[in-house]
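Chemist: Just passing along the structure, written as structure tokens.
None of the figures in this text is laboratory data; all of them are computed from the coordinates on show. Keep in mind that what you see is a predicted model, and the values were worked out from it rather than measured. As a convention, Cβ positions derive from the backbone with ideal geometry for all residues, glycine included, and neighbour counts pool all protein chains shown.
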Amino acid sequence: MNQNKNSENLWIKLLIIFILSCCIGLITNNLRKNGIPLIYSSFEEIEPTGEEYISLTKAKELFDKKEAIFIDARIASEYNKAHIKGAINLPFTDFDLSEKIMMLFEKIPPDTNIITYCDGVECKLSDSLAKALKEAGFLNVKVLHNGLTRWKKSGFPIKEKGKD
């Protein structure tokens, strides 16, 4: 009987430790600057933070003022299906990428606002392209994470194959 009582006390203590641990974790998460959201949000809606990224709102503002060049980092066939209206295509996977970047450098000033994008939350082509453009000497390069999907979803201007 005494052993059952000890076993019961142990479980109560473990439960108390577990509840306290959860409370401490939740409080710590809430106090952190970049805490983990407790309510699920689609990855498409989450914007990465960091100076290399631009928000959808800021990108649209620059688009409307015609103060940025948008560059699609996807392959040409994907670009031809749909892209942000007025964007140029500079596929990161092209074997002659550095040559194309140098041609771009000759056409536009190095301090031009450039926004790279691709499509999908897992797509890192725009990050890689932005890095290559910065290394080539462009000063104001930003990445619009999951750009095409979020741009379309917001109803912003796109160019689709067979439509104007």
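Chemist: Tell me, in nm to one decimal, what length is gained between Asn89 and Glu160 on full extension, where the rule is 0.36 nm per residue of separation less the Cα-Cα distance? Walk me through the numbers on the way to the answer.
Modeler: On the way: separation 71, 0.36 × 71 = 25.56 nm, distance 1.38 nm.
Here the segment from Asn89 to Glu160 would lengthen by 24.2 nm.
Chemist: Can you list the aspartates and glutamates whose alpha carbon is less than 20 Å from that of Lys153, not counting same-chain residues fewer than 8 positions off?
Modeler: Answer for Lys153, where 20 Å is the Cα cut-off: Glu44, Glu45, Glu47, Glu61, Asp64, Asp72, Glu78, Asp119, Glu122, Asp164, listed by chain and number.
Chemist: What is the packing order of peptides 61-71, 116-126, 21-31, 143-153, taking the mean over residues of other C-beta atoms within 10 Å and listing the highest first? Don't skip to the answer; put the middle values down first.
Modeler: Numbers: 61-71: 15.9, 116-126: 20.6, 21-31: 10.4, 143-153: 22.3.
So the order, starting with the most tightly packed, is 143-153, 116-126, 61-71, 21-31.
Chemist: Among the listed pairs Lys66/Lys100; Lys66/Lys124; Lys33/Lys81, which have their C-alpha atoms separated by more than 30 angstrom in this model? Write down the numbers at each step before the final one.
Modeler: Numbers: Lys66/Lys100 23 Å; Lys66/Lys124 25 Å; Lys33/Lys81 39 Å.
Those over the limit are Lys33/Lys81.
Chemist: Taking every DSSP beta bridge that has both residues in the chain, what percent is antiparallel when rounded to the nearest 5? Could the numbers behind the result be given before it?
Modeler: Numbers: 3 of 15 bridges.
About 20 percent, rounded to the nearest 5.
Chemist: Right, another one. Per 0.36 nm of contour for each residue apart, how much would the distance between Lys66 and Asp96 grow if the chain were fully extended, relative to their Cα-Cα spacing? Present the calculation step by step, with values, prior to reporting the outcome.
Modeler: Values: separation 30, 0.36 × 30 = 10.80 nm, distance 2.81 nm.
Computed gain between Lys66 and Asp96 is 8.0 nm.
Chemist: Also: How high is the relative contact order of the chain, in percent, with contacts defined as C-alpha pairs under 8 Å that are six or more residues apart? Write down the numbers at each step before the final one.
Modeler: On the way: 208 pairs, mean separation 39.6, N = 164.
Across the chain, relative contact order equals 24 percent.
Chemist: Here is a follow-up. Binning every alpha carbon pair distance of region 56-160 at 10 Å from zero, what are the percents per bin?
Modeler: Percent of Cα pairs in each bin: 16, 53, 29, 2.
Chemist: Might you list the cysteines of the chain that have no disulfide-compatible partner by the rule of another cysteine's Cβ under 4.7 Å?
Modeler: Cysteines lacking a close Cβ partner in the chain: Cys22, Cys23.
Chemist: Assigning unit charges at the beta carbon (Lys, Arg +1; Asp, Glu -1) and nothing else, what dipole magnitude in debye, to the nearest 20, does the chain show about its Cα centre?
Modeler: Working: 23 positive and 22 negative charges, 103 e Å.
Using Cβ point charges on Lys, Arg, Asp and Glu, the chain gives about 500 debye.
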